[in-house]
Amino acid sequence: MNDYSSGDPTAAMAGIMGAMGLVWLAVIVFFIFLYWKIFSKAGFSGWLSLLLLVPIVNFIVIIWFAFADWPALKKAQS
């Protein structure tokens with residue numbers, strides 16, 4: 001009878017960590033896509049969403065975005 005419970009768990013842990021890494025990568029890509037759409041609809045370049053990947057700069061971008069005059073709102077008001 002084969003008893004797989006007594007084997008080395010290193011391979012299983014590596015597989016789990018690899019899978020979790022792929023899940024986190026998918027989540028990050030999804031959020032960058034969401035912010036790309038938000039920046040674009042506000043009238044800014046979608047490329048600004050890539051700044052959210054940079055530590056500390058991401059907080060500055062979000063604060064700037066919250067208080068900036070949105071070009072899309074200016075266009076809608078005129």
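The values are calculated or read from the model by the stated rules, or taken from the named source; none is laboratory data. As the structure is a computational prediction, the values presented were derived from the model and not from experiment. Heads up, the Cβs are rebuilt from the backbone with ideal geometry, glycines too, and the neighbour counts pull from every protein chain shown. These accessible areas exclude ligands, DNA and RNA; they are computed on the full protein's heavy atoms, side chains included. Shrake-Rupley method; radii C 1.70, N 1.55, O 1.52, S 1.80 Å.
What are the radius of gyration and Dmax of the chain, computed over its Cα atoms and given in Å?
Reported Rg and Dmax, both Å: 21.2, 79.
In the chain, what percent of the accessible surface is made up of carbon and sulfur (1.4 Å probe, ligands and nucleic acids excluded)?
On the way: 4870 of 6510 Å².
Roughly 75 percent, rounded to a whole number.
Given a 1.4 Å probe, how much area per residue of the chain is accessible, in Å²?
Numbers: 6510 Å² over 78 residues.
Solvent-accessible surface per residue comes out at 83 Å².
Determine, from the Cβ-Cβ distance of LYS37 and ILE63 and an R0 of 22 Å, the FRET efficiency 1/(1 + (r/R0)^6), rounded to the nearest 0.05. List each step's numbers first, then the result.
Working: r = 20 Å, r/R0 = 0.90.
Computed FRET efficiency for LYS37 and ILE63 comes out at 0.65.
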